[in-house]
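Enquirer: Questions regarding the structure given below will be posed in turn.
A short reminder: the numbers here are calculations on the coordinates, not readings from a lab. Note that the structure is a prediction, hence the values are computed from the model and not measured. A quick note on method: Cβ atoms are made from the backbone with ideal geometry, for glycine too, and the neighbour counts reach across all protein chains shown.
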Amino acid sequence: MSCPICQKDTDQKFRPFCSKRCADIDLGKWLDGKYAIPLENSEDEEAAEELAPKPH
């Protein structure tokens with residue numbers, strides 16, 4: 001398996017990364033919002049949004 005940041009071989013201590021540096025780079029991307037998990041609205045959430053008061 002190779003590091004998703006730099007493509008070097010992974011280190012068991014930092015798996016799936018090769019080093020703390022690459023692990024920190026990945027964490028920084030999450031914290032900066034560069035990565036996101038897409039959400040699908042369920043029917044209940046859509047109904048709640050329709051009933052929520054609108055800002056004036």
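Enquirer: Hey, could you grab the Kirkwood Rh for the chain? Inverse mean 1/r over distinct alpha carbon pairs, Å, one decimal.
Expert: Computed over the chain, the radius equals 14.2 Å.
Enquirer: Points 7 angstrom from Cα along the Cβ direction at Gln12 and Glu40: gap in nanometres?
Expert: It is 3.9 nm.
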